[in-house]
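Beneath this line is the structure, given in structure tokens, with notes to follow.
Each value in this text was obtained by applying a stated rule to the coordinates, not by laboratory testing. Everything numeric here is computed off the predicted structure, so don't read it as measured data. Reconstructed Cβ throughout: ideal geometry from the backbone, glycine too, with neighbour counts over all protein chains shown.
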Amino acid sequence: MNLLRTCTTALLLASSVFAASPAMAQVVFPTRPVHWIVPFPPGGAAEIVSRVIANRLRVVWGQPVIIDNKPGAGTIIATEAIAKAPPDGHTFGLVITAFVVNPSLRKLPYDTLKDLTGITQMVSLNLALIAHPSAPYNTVAELVAYSKANPGKVNFGTVGAGTSSHLFGELLNLSTGSSLVHVPYKGSSPVQADLLGGSIPLMVDALASQLPMITSGKMKVIALTGSKRHPDFPYPTTAETFPGVIADSYFGLIAPAATPREIIVKLNRDIVEAMAAPEVRERILQLGLIPVGSSPAEFDALVRAEIARWAKVIEQAKIRLD
């Protein structure tokens with residue numbers, strides 16, 4: 001009887017330990033202020049989205065979520081800060097399409113695939129082919145035909161060499177035989193000014209950045225560059241006419257690769273839930289963005305695929321940064 005009682009007691013103790021283990025395994029995070037790095041100066045869609053989500057996370061986590069603006073070097077400064085941060089989840093940050101382009105264009109102070117890991121793709125960002133209202137083409141098919149009839153005479157402006165806007169133009173040239181000539185600018189405002197002034201006929205830029213000018217009739221949209229139409233701005237996509245000519249841009253979140261998996265999972269869950277709040281989702285759509293909220297594995301797979309895809313375009317178009 002004593003032996004039976006002893007065995008029963010041991011089993012009960014073991015059961016209680018096993019039952020408690022899920023609770024013991026729960027992540028205690030965050031335990032101090034969290035730093036969310038943004039690779040741009042204050043203002044702009046990337047920071048607006050970051051702050052809207054961060055405001056909800058402050059309530060959920062009971063800790064400050066500090067937006068750290070680290071602009072410069074084609075987003076490399078911010079990404080390096082993330083890569084070299086302590087891998088405990090308290091520092092993570094936002095990346096854009098430059099994250100998958102930079103490995104083919106620049107010498108980096110980090111290894112994109114080894115030193116960093118994905119948390120989520122937050123949103124899709126529609127780029128748009130935008131023309132001056134006087135331009136003699138209204139569709140991407142007409143643009144390509146006009147470019148072929150006038151080789152080397154159609155300039156397109158972008159916010160800089162090596163950007164997703166630039167690469168989209170080169171992809172269009174490679175895929176269709178058009179001969180659009182790239183004109184890099186330092187930011188969206190100067191390229192907008194030159195298009196409005198008639199100095200250039202065409203630009204590729206974020207739809208959200210140019211919506212006021214588009215809706216006022218001072219610019220016209222030729223096509224969106226993404227894989228699907230925006231639900232609120234259903235302009236046709238380039239891929240509808242030329243399949244495969246796609247430049248899906250995005251905002252995503254990354255963390256140091258050594259961050260414990262359970263923390264990455266918690267970050268993903270809490271951020272995706274914050275994005276699903278009706279007021280957050282509505283604000284994202286108002287900015288011309290499409291909410292996504294992917295899993296860490298899905299975002300990592302996207303990054304690997306996009307690095308490989310753009311590396312081919314960069315090689316074929318012989319793109320180099322001086």
Q: Would you mind calculating the relative contact order of the range 76-182 from Cα pairs under 8 angstrom and at least 6 residues apart, reporting the percent as a whole number?
A: 25
Q. Which whole-percent values make up P(r) of the range 243-306 when all C-alpha to C-alpha distances are grouped in 10 Å steps starting at zero?
A. 17, 45, 30, 7
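Looking at the range 127-225, send over the antiparallel percent of its DSSP beta bridges, to the nearest 5.
Expressed as a percentage, antiparallel bridges in the range 127-225 total about 60.
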Q | DSSP beta bridges in the chain [antiparallel fraction, %, rounded to 5] | A | 60
Q) Taking H as built 1.01 Å from N, whose amide H comes closer than 5 Å to the amide H of Val123, not counting residues under 5 places away? A) Phe251, Val292, Gly293
Q: Give, rounded to the nearest 20 debye, the magnitude of the charge dipole that the range 103-258 has about its Cα centre when Lys and Arg contribute +1 at Cβ and Asp and Glu contribute -1 at Cβ.
A: 200
Q.
Can you work out the Karplus-derived ³J(HN,Hα) for every residue in the range 125-137? Use 6.51 cos²θ - 1.76 cosθ + 1.60 with θ = phi - 60°, whole Hz, and x for glycine or proline.
A. 10, 7, 8, 9, 7, 10, 10, 5, x, 7, 4, x, 8
Q) Any idea what angle helix 2-25 forms with the longest principal axis of the chain, computed on alpha-carbon atoms, 0 to 90 degrees, nearest 10? A) 20
Q | Rounded FRET efficiency, nearest 0.05, which uses the C-beta distance separating Ser199 from Asp232 and R0 of 45 Å | A | 0.90
Q. Roughly how tilted is helix 261-276, in degrees to the nearest 10 and between 0 and 90, from the longest Cα axis of the chain?
A. 60
(Q) Eigenvalues of the Cα gyration tensor times 5, then square-rooted: what semi-axes does that give for the range 127-225, in whole angstrom, largest first? (A) 19, 15, 12
Q) Over what distance in Å are the Cα centres of the range 149-177 and the range 271-322 separated? A) 21
Q: Report, in cubic angstrom per residue, the convex hull volume of the C-alpha atoms of the chain.
A: 157
Q | Dimensions (Å) - the range 44-129, Cα atoms, principal axes, largest first | A | 40, 38, 21
Q) Quick one: Karplus J couplings for the range 286-299, per residue in order, coefficients 6.51, -1.76, 1.60, θ = phi - 60°, nearest Hz, x for Gly and Pro? A) 4, 7, x, 9, 10, x, 10, x, 7, 7, x, 5, 5, 5
Q. In percent, how large is the relative contact order of the chain, given Cα pairs closer than 8 Å and 6 or more residues apart?
A. 26
Q. So, with +1 on the Cβ of K and R and -1 on the Cβ of D and E, and no other charges, what is the size of the charge dipole of the chain about its Cα centre, to the nearest 20 debye?
A. 180
(Q) Going Cα to Cα from Lys114, which lysines come in below 20 Å? Please leave out same-chain ones fewer than 8 positions away. (A) Lys84
Q. Which one of Thr163, Ala131, Ser179 has its Cα pushed farthest toward the positive end of the charge dipole of the range 127-225, where Lys and Arg give +1 and Asp and Glu give -1 at the Cβ?
A. Ala131
